[in-house]
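What follows is a set of notes on a single structure, which appears directly below.
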Amino acid sequence: IIGTALTISILMHAGLFMSAVANRTGHLSLTNLVPALTNGYYDAARSLGVIALLLVVLAISMSTFGRRYVRLWRVWHLLVVIAMVLVLMHAYAIGSEIQSLRFQPVYWGIVVTFAVAVVIRFMVLIRK
């Protein structure tokens, strides 16, 4: 359920971003879905989100092998953790909503929740 909700949210975010850019420029440009880390601050921040999107798509596509290749699936599922770090960096760097005092507690709540989840998961792995 979490993976499905995450996927829907990511696709909506990317689709709405592409729609807004197309509305603003008058044409649809798929170059916004290509990482461009060296084209300046905004493009680098946008690229973090694009890379996270690609990692999540890869992790989701590999989930089809989950029942057959459990070990492989677990390794690929770690891509979601890397993607989440990139998402948090992307959100903070783009920051239009995060600069709002109303949204900062939400953002930092997500960061703390994610950090706690990673620590708990790491502790569980150590005990095994």
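The values are calculated or read from the model by the stated rules, or taken from the named source; none is laboratory data. Quick caveat: nothing in here was measured; it's all calculated off a predicted structure. Glycine also receives a Cβ, built like all others from the backbone with ideal geometry; neighbour counts cover every protein chain displayed. Protein only, heavy atoms only, side chains kept; ligands, DNA and RNA dropped before computing areas. Shrake-Rupley method; radii C 1.70, N 1.55, O 1.52, S 1.80 Å.
Count of region 1-19 residues, restricted to those that are open to solvent by 40 Å² or more (accessible area, probe 1.4 Å), closer than 16 Å to His90 by Cβ, modelled with pLDDT of 85 or more and among the aliphatic types (A, V, I, L, M), is 3. The listed residues are Arg71, Arg24, Arg102, and the only one of them that is of a type in the set (D, E, K, R), loosely packed, with under 12 Cβ neighbours inside 10 Å, closer than 27 Å to Val119 by Cβ and free of Cβ contacts under 8 Å to residues at least 12 places away in the same chain turns out to be Arg71. Test Leu78 against the stated conditions and say whether it is assigned to a helix (DSSP H, G or I), over 16 Å from Leu11 (Cβ atoms) and modelled with pLDDT of 80 or more. When the stated conditions are applied, Leu78 passes them. Is it the case that some residue within region 39-57 is under 19 Å from Ile94 (Cα atoms) and surrounded by fewer than 11 Cβ atoms within 10 Å (Cβ to Cβ)? Yes. In region 43-75, which residues are among the charged types (D, E, K, R), part of a helix (DSSP H, G or I) and over 25 Å from Leu33 (Cα atoms)? Listed by number, the residues that qualify are Arg71, Arg74. Note on region 1-21: residues that are outside any helix (DSSP H, G or I) and either farther than 22 Å from Thr64 by Cα or touching a residue at least 12 places away in the same chain (Cβ under 8 Å) (or both) amount to 0.
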